[in-house]
There are 2 protein chains.
Amino acid sequence: MVVYAGQGDPRRSIELLWRGSVVESRPGPKPGLSVDAIVDAGIAVADEQGMAFSMRAVGERLGRTAMALYTYVPGKNELVDLMYDRTMAELPGKYSLDDGWRPAVTAWAHDMWEFYGRHPWVLQVSQARPVLGPHEFAVIEALAAILVSTGLPGRRLRGIVGAINYFVRGAAQTIAEARAAGGATGEADEEWWYARSAVLMELEPELDKKFPMLHVLENDREPIDPSLPYLENDALENFRSGLGVLLDGIEAAVAKP
Amino acid sequence: MVVYAGQGDPRRSIELLWRGSVVESRPGPKPGLSVDAIVDAGIAVADEQGMAFSMRAVGERLGRTAMALYTYVPGKNELVDLMYDRTMAELPGKYSLDDGWRPAVTAWAHDMWEFYGRHPWVLQVSQARPVLGPHEFAVIEALAAILVSTGLPGRRLRGIVGAINYFVRGAAQTIAEARAAGGATGEADEEWWYARSAVLMELEPELDKKFPMLHVLENDREPIDPSLPYLENDALENFRSGLGVLLDGIEAAVAKP
DNA sequence: GTTGATTCTTTATGCCGTAAAGTATCGACC
DNA sequence: GGTCGATACTTTACGGCATAAAGAATCAAC
């Protein structure tokens, strides 16, 4: 069970995101915390517990109560907005175009893939109402810069940027959720699938006959890397191969006007 | 704020999903509810309130307390599993291949797009740990059946199925979340963007210069349909155009071995 | 008529985000 | 140097959530 945001008060979120922290001499006790420290703690907690982290947990990590955070941050939604943008700072702002756009887009996609693997909770933050923080801008700018080099018009590129983004997010989400579910129950992935399939086969032995085309898809497997869990093999294979198809589509768009 | 599931107890979810309801004569009061009625009520509530619906709300709609539901359903997670599979029954199980695979995939994608529009909470159910219900199987089977007709091997098709699925989900999610956020605050989309942009421009007037490639993407707009809100125009245009790119990629894969 | 299984309600527990009120600490001014 | 008021932080409290536990009402089978 997970919560998502991206819905903080626009003004306050954006001010916190873009305004440099102004330090003045003020009456009262010295601040023991800072927005930055809280955001860092929030990220650490969310990396461990997912988006269902609590304000109490973030406070505890800083040796404070949950309410202490409200001195610095208007609420949990705004904190998530800040955490979201902060993590994006990990990503490169620029990719080399020396070998053309295709390797650059591939690199961007793989960076995103690994990024979502490190911070799966980010996938729960709404895309529709973007936080509009500087680092999020930079990430999309990096992809846009690559794609503009294809010479395609902005009109075409918006759909392409969307498609790449959706694809990477979707692929990452699938594996992130699988990891989270496995981690939560302590079950390895194989066990989970095994338990599920066993019950299914017991209740519906004719499954392969009822869904023959799925059967076709599920066979024809390549030898898998035994050092990785079953699901990671599958996910990575599907990610690479799906991305290849998408890039072929872009190539076709570039080739014909 | 939204909750997602797909993590119910495997055995109990799958039994409920696949086992026909067995009716026996039993002591005790006659059941006033049924699993089916509860699932229907759950869907109705989730369609209105999103995944953050409460067991209380579902019970209330049936004239019962929240706890009454636990007689029929082990918990909220399992209920969501059932709701998820039930809604999928709305979708066609077969698409005509008379005009080839491309119009068929397009039809499948548009059906999914509209389906997610009707039931946006479905997008919050984990894909990684599929519920494995009969109707979910049927939906993927329908897509698989179309794609198998391309003659591509299962190995290639898995990535393609994933890519299409991720893309459609991602595109639908973006617009679903935007609608939800607008509905929650009562703000129309334009207002929301306006408020956000105004603050942003005030704090960072040089935005276009800092992110010039994004600026390129955002201009070059087609005339929009004034009967639709701004965001729906954009989302639908991006969906169609992104899907086209993806299908071009599949076409390329089909053309060369 | 009694027993025991079953449906449903009531009550209670322990989470959550956060509002409100209280306490301690300090800079600025008299 | 003493007071005032702003600030940092804690305590307490509220209404929400899923759901465990216990009790009340209902009915088939003996």
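What to note about this one:
- Taking the criterion of being surrounded by fewer than 20 Cβ atoms within 10 Å (Cβ to Cβ), in a helix (DSSP H, G or I) and of a type outside the set (A, V, I, L, M, F, W, C), the residues of region B:51-76 that qualify are B:Arg56, B:Glu60, B:Arg61, B:Tyr70, B:Thr71.
- Hey, A:Met51 under 21 Å from A:Ala176 (Cβ atoms) and in contact with a Phe, Trp or Tyr (Cβ under 9 Å, 6 or more places away or on another chain) or not: yes
- Some residue of region A:83-104 being in a helix (DSSP H, G or I) and within 13 Å of DNA strand C (Cβ to nearest atom): yes
- Condition check for B:Arg56: over 30 Å from B:Val245 (Cβ atoms), more than 22 Å from the chain's Cα centre (by Cα) and among the charged types (D, E, K, R): yes
- Within region B:154-207, being at pLDDT 70 or above, more than 7 Å from chain A (Cβ to nearest Cβ) and in a loop (DSSP other than H, G, I, E, B) holds for B:Pro205, B:Glu206.
- Any hit, region B:105-126, residues being under 21 Å from A:Leu214 (Cβ atoms), in a loop (DSSP other than H, G, I, E, B) and within 16 Å of DNA strand D (Cβ to nearest atom): yes
- The number of residues in region A:43-60 that are within 12 Å of DNA strand D (Cβ to nearest atom) and either more than 14 Å from chain B (Cβ to nearest Cβ) or closer than 13 Å to A:Arg118 by Cα (or both) comes to 4.
- Selected residue (criterion: farthest from DNA strand D (Cβ to nearest atom)) from residues of region A:26-42 that are among the charged types (D, E, K, R) and either touching a helix residue (DSSP H, G or I) at 6+ places or on another chain (Cβ under 7 Å) or part of a helix (DSSP H, G or I) (or both): A:Asp40
- Filtered residue count, region A:17-70, keeping only those that are farther than 28 Å from B:Ser197 by Cβ, within 10 Å of DNA strand C (Cβ to nearest atom) and at pLDDT below 95: 10
- Checklist (1) assigned to a helix (DSSP H, G or I); (2) at pLDDT 85 or above; (3) of a type outside the set (A, V, I, L, M) applied to B:Gly151, failing item: (1)
The values are calculated or read from the model by the stated rules, or taken from the named source; none is laboratory data. Note that this is a predicted model, so its numbers are computed, not measured. No Cβ is skipped: glycine too gets one built from the backbone with ideal geometry, and neighbour counts run over all protein chains shown.
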